[in-house]
1. With r defined as the distance between the Cβ atoms of residue 286 and residue 4 and R0 fixed at 22 Å, what FRET efficiency is calculated, to the nearest 0.05?
2. If one computes the Cα centroid of the stretch 164-193 and of the stretch 17-65, what distance in Å separates the two points?
3. Enter the angle in degrees (range 0 to 90, nearest 10) between the Cα long axis of helix 117-127 and the first principal axis of the Cα atoms of the chain, meaning the one along which they spread out most.
4. Sort 72, 250, 201 so that the residue with the fewest other Cβ atoms within 10 Å of its own Cβ comes first and the one with the most comes last.
5. Ratio of Rg to Rh for the stretch 154-304, alpha carbon only, Kirkwood?
6. Go ahead and collect, in residue order, the members of the stretch 1-42 whose backbone nitrogen is under 12 Å from a label point 7 Å along the Cα-Cβ direction of residue 230.
7. Computed FRET efficiency, Cβ-Cβ of residue 25 and residue 263, R0 22 Å: what is it to the nearest 0.05?
8. Extension gain residue 33-residue 350, at 0.36 nm per residue separation less the Cα-Cα distance, in nm?
Ligand SMILES: Cc1ncc(COP(=O)(O)O)c(C=O)c1O
């Protein structure tokens, strides 16, 4: 059977050069050749994130490890965080912050809508949090967050701005410095077309100042930024072992970043937008429609309504069993109400969409 076509919320399919990189001969994690690969990844990540942040690197672990890393290094017991909650991943940020002893102020919005600026502004001015957190690309709903004004809002109130860019990175604009983002994490398994296993993270100088002024020990050994930087920080003459970096994954990420930069970000974003529009055009005759308003759509992840009378789980099972195509179901309040279709990286392609819609219409 041909490779599974991964059209769910991630992982996505990997190009051959990424798979080849994974199977290269191993080198040691303190070998200069690996250090060079890590340094190359950092530089390429800065480019695709549009940031000058020196502390930008792939942390070992999936997107949730990145989420945990940016929170655990900044928050201390008694701190406050304001979180925009309009889907699963805003909920997760709030939950993690509470595990580290912070008070999470949840600003709630309907699933399928972006966070309104005014609601975030009211919470930030009232609670003066240490962090204002939003999800740039909410994979559970297919919403892309408008970041206008959020950097100033956070900074004018003494807060750091956190953005979850797991699904937006390399599929839609992610402009860290322009947006004023201080804390960012992403994942390799979405629009970067790499397997799951690394989380690109970035810390601004403002965030590093807060980190350096912590009063308590970081309550995670594995994710302690100070320890990690002694291991893989820029310009280190001597690297101190902290953990064993996933060498093959970093090598694969390096290959994946080359593909992104070769295509060019603007072209890549446009391709994701075109793919989503084409998908909706093809689905309309099947009475399947977009769930999110056009202006708020996350191009790499489309949520669509399910036609009346269709057993959505049975369709997904049949697509996987018969056609080897993975499709995502809804989460939380959207379970049974939407499908989630990921067109990420290589899969943001009209021929892929034609194949998928043919198979789907046969099932319906
Ligand atoms: C927006 C968002 N944030 C965080 C995560 C968590 O990433 P992971 O599942 O790689 O741990 C995901 C995963 O799908 C996500 O979509």
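Any read-out appearing in this document is the output of simple, stated calculations on the displayed coordinates, not a laboratory observation. What you see is a predicted model; the values in this text were computed from it and never measured. FYI the Cβ positions are ideal-geometry reconstructions off the backbone, even for glycines, and counts take in every protein chain you see.
1. Calculated value: 0.45.
2. Here the answer is 15 Å between Cα centres.
3. So the inclination is approximately 30 degrees.
4. Numbers: 72 20, 250 24, 201 29.
The most exposed by this proxy come first: 72, 250, 201.
5. Looking at the stretch 154-304, the ratio lands at 1.04.
6. Of the residues in the stretch 1-42, none has backbone N under 12 Å from the label point off residue 230.
7. Step by step, r from the Cβ atoms, then E = 0.20.
8. Full extension of this stretch gives 110.3 nm more.
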